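Structure, as structure tokens:
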Amino acid sequence: MACEPQADPGGAVGPFPASSPGWSALPGGSPTGWGQELHNGQVLTVLRIDNTCAPITFDLGAAEEQLQTWGIQLPADQYRSLAESALLEPQVRRYIIYNSRPMRMAFAVVFYVVVWANIYSTSQMFALGNHWAGVLLVTLAAVTLTLTLLLIFERQQRKANTNTDLRLAAANGALLRHRVLLGVTDTVEGCQSVIQLWFVYFDLENCVQFLTDHVQEMKTHQESLLRSRLNQLCVVIETGVSPSTAEGPEDMVEEAPLLPSSPHPTERPLMQTELRQLVPEAEPEEMARQLLAVFGGYYIRLLVTHQLPQAAGTRHTDSERTPCPCQLIEAHILGPGCCPFLAR
């Protein structure tokens, strides 16, 4: 089993074919002036690591060397630790494995067997006439329920994911000025779970300007809608806190038990739950940049997996039907009505 990180210099892998119009992969090793120019939505390079190996790390140095050939100098000290800490924590890696397509398919198979067995055993309590007709009805019912479950899984995949997409917000915030966005996807090759870190070129200054004007307009005419949308963009953070030591040492001694209840008494750590807003109230331009940083990873995941909603026209991409980040945020994050794309 290969456990070494792999860098695909400019070649797209997995669900993103190199022939996709509008955002095809870059030919590796060619400076910017030699051939096609960089355009928004262009995949620069992809890093791939085996999620089943431990310990693992992204070979970010290889990606930086590849980007330097295109004149892009990334601040390693600003984003490396942010990207690695966001994606390589054990709980995040486990989540990626359990949320992968093979795991969902395995769950669907188990669900089908359990549902079929339950419906069949229940149907034996009633007279259904012909035995084969009863079995056929049971099978159709189980298949229908299983397909419904798979459709729910696919719908959930289009939502922003707190455990992967939004964890890249800090790294994308540091890379906005360098015209690079990061996104993460996962795939399975053989028996290996593979994490893919995508580096995509995007000049977001036009998106920043549009969202700045849009947020300013909402503050003026739709402030209640803006507040309700921003209030939904929250994450729950649990932090450990020390017990209160406001009382003097004499009081603490008096309250301490004379004999411990066990030879090795253990105290449960106190946890403090805090609801933190992803896009706090600020100046319109600052809020616009924060929105792009928070949903940059989400946009890249939908882009490279062909899950972006179709648009009648585009503002800042070369593809006619591929929306740019500000269009996605305007329509599906800040727009009126039910928002199916908000974080779960």
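Just so you know, all these numbers are worked out from the coordinates, no wet-lab data involved. It should be emphasised that the depicted structure is a prediction, and the values quoted were computed from it without experimental measurement. Virtual Cβ from ideal backbone geometry, glycine too; neighbours counted across all protein chains shown.
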**Request:** With a/c under 1.5 counting as rounded, go ahead and sort segment 101-157 into rounded, prolate or oblate using the C-alpha gyration tensor (a ≥ b ≥ c being the square roots of the eigenvalues; past the cut-off, prolate if a/b is larger than b/c, else oblate).
**Result:** prolate
**Request:** Can you figure out the FRET efficiency of residue 306 with residue 132, using R₀ = 41 Å and their beta-carbon distance, to the nearest 0.05?
**Result:** 0.50
**Request:** Normalise the Debye intensity by I(0) for segment 42-94, one equal point scatterer per Cα, no solvent, then take log10 at q = 0.14 Å⁻¹ and round to two decimals.
**Result:** -0.42
**Longest to shortest principal axis, alpha-carbon extents of segment 106-246, angstrom** = 69, 48, 47
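For residue 98 and residue 159, calculate 0.36 nm times their separation in residues minus their Cα-Cα distance, and state this gained length in nm to one decimal. Walk me through the numbers on the way to the answer.
Values: separation 61, 0.36 × 61 = 21.96 nm, distance 1.66 nm.
Net length gain for the segment: 20.3 nm.
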